[in-house]
Amino acid sequence: MLQPPQLASDLQHAVEDAAAHLYVWALKDIPQDLRDALSDARHRETSVPGKRVLETIHRNINVADSEKNLVCQDTGIAVYHAKVGEHFPLHPARIYEALRDGTARATIEHPLRSNAVHTLTRENTGPNIGYRLPIVHWEFALDSDELDLKCVPKGSGSENMSFLKMLNPADGVKGVKQFVLESIVGAGGKPCPPGIVGVGIGGSADYAMALAKDAIMRPIGTRNPDPIVAELEDELLDLLNETGIGPMGLGGDVTVLNCHIEHADTHMTLNPVAVNYQCWAARRASAHIGADGSIDYDNAV
Ligand code: SF4
């Protein structure tokens, strides 16, 4: 049910506040699951250059924590995942406006580096906002009056290492594995490994890539609820770490922290597969916003 104008505007402000907080929080304070995965990688890595890289990442995170500063200078492109309950009393058009205003506010107030440019003229378009920026992935939930909001600032080094292939259906799962491996081997050290390999399978070309992005937004090591897909996640994780690319591409045992897959059913003559890489600075922060405007911050999801 939509709210009277004053209440709607209060709720829009609450969403804007949440977006402004999430963007900065994500950039400064990486989630515990990522800290654990990087620590595990540091202990597991046996190559000398690989160990050095992981030690440097460890020191980098400690400095960011103690100085309350950014984990990486690339403030990325602001990407949100918004899961809107059917009874959340603010229209998605207003939610989008709040996300845009919150992103701009965080950028100006902190201040943060502004990366947004017109894609042809390359002129800066504002405080990390612009035409169709920030990017929002939408999901809708039945029987809910809440908004679950997740902010995933996406660094360009890893986003540039995104790949899509329209496989032949006859290529099957073998073709999917081959494409993911070829993509990550080809990317080498460019996406700042070790990170999360997000794989989107099925749907259409555009949807497969959106699914790959959704996959990198999950907490590290979570598994797809479909056991067949979860098995492929485990298999790809092992195969990717056998490539020997290692931290920052300098060789080693830990090429990726994990591999997550999201999938959709597809046309019988389609077999799309997309890869979206998330770097070691896999920043992520979430908030649950109630219908009354209450905000509950949580970076475990
Ligand atoms: S890819 Fe990630 S770690 Fe590398 S520079 Fe960009 S944000 Fe930083």
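Structure data summary
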quantity: Karplus-derived 3J(HN,Hα), 6.51/-1.76/1.60, for each residue of the range 122-134, Hz, glycine and proline x; calculated: 6, 7, 4, 9, x, x, 6, 10, x, 5, 6, 10, x
quantity: Neighbour count of at most 10 Cβ within 10 Å plus DSSP loop: longest trypsin sites (Lys or Arg not before Pro)-free window in the chain; calculated: 133-301
quantity: Gap separating the Cα centres of the range 84-129 and the range 265-281, nearest whole Å; calculated: 26
quantity: Of Lys83/Lys190; Lys154/Lys190; Lys83/Lys213, those spanning more than 20 Å from alpha-carbon to alpha-carbon; calculated: Lys83/Lys190
quantity: Rounded to whole Hz, the Karplus (6.51, -1.76, 1.60) HN-Hα couplings of the range 246-260, x for glycine and proline; calculated: x, x, 6, x, 8, x, x, 7, 9, 8, 9, 7, 5, 10, 10
quantity: On Cα atoms only, tilt of 5-28 relative to the major axis of the chain in degrees; calculated: 30
quantity: Amide H contacts of Ala141 (H built 1.01 Å from N, under 5 Å, at least 5 apart or other chain); calculated: Val84, Gly85, Glu86
quantity: Relative contact order of the range 41-115, pairs being alpha-carbon contacts under 8 Å that are 6 or more residues apart, as %; calculated: 26
quantity: Within the chain: Cβ-based charge dipole about Cα centre, in debye rounded to nearest 20 (Lys, Arg +1; Asp, Glu -1); calculated: 1160
quantity: Mean ellipticity per residue at 222 nm, deg cm²/dmol - from DSSP H runs of n ≥ 4 across the chain, formula -39500 (n - 2.57); calculated: -13000 deg cm²/dmol
quantity: Net charge of neighbours whose Cβ lies under 10 Å from the Cβ of Val53, counting Lys and Arg as +1 and Asp and Glu as -1; calculated: +1
quantity: Whole-Hz couplings from phi, Karplus 6.51/-1.76/1.60, listed for the range 86-99; x for Gly and Pro; calculated: 4, 9, 5, x, 9, 5, x, 5, 6, 4, 4, 4, 5, 5
quantity: Unit charges on C-beta of K, R, D, E only; dipole of the range 156-278, Debye; calculated: 280
quantity: Degrees separating the helix 205-216 axis from the principal Cα axis of the chain, which is the longest one; calculated: 90
quantity: For the range 95-213: rounded, prolate or oblate by the Cα gyration tensor [a/c cutoff 1.5]; calculated: oblate
quantity: Rounded, prolate or oblate (a/c below 1.5 giving rounded, otherwise prolate when a/b exceeds b/c) for the range 156-278 by Cα gyration tensor; calculated: prolate
quantity: Partnerless Cys - the chain, beta-carbon criterion under 4.7 Å; calculated: Cys72, Cys151, Cys259
quantity: Placed amide H near Val117: partners under 5 Å, 5+ positions off or other chain; calculated: Thr125
quantity: Violating pairs (Cα-Cα greater than 30 angstrom) within the set Lys150/Lys174; Lys28/Lys51; Lys28/Lys174; calculated: Lys150/Lys174; Lys28/Lys174
quantity: Long-range amide H partners of Ser47 with built H, under 5 Å; calculated: Asp253
quantity: Beta bridge orientation in the chain: antiparallel %, DSSP, nearest 5; calculated: 65
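Read the figures in this text as sums done on the coordinates, not as results from a lab. Predicted model, so just to flag it, every value in this text is computed and none were measured. In this analysis, Cβ positions are derived from the backbone assuming ideal geometry, glycine residues included, and neighbour counts consider all displayed protein chains.
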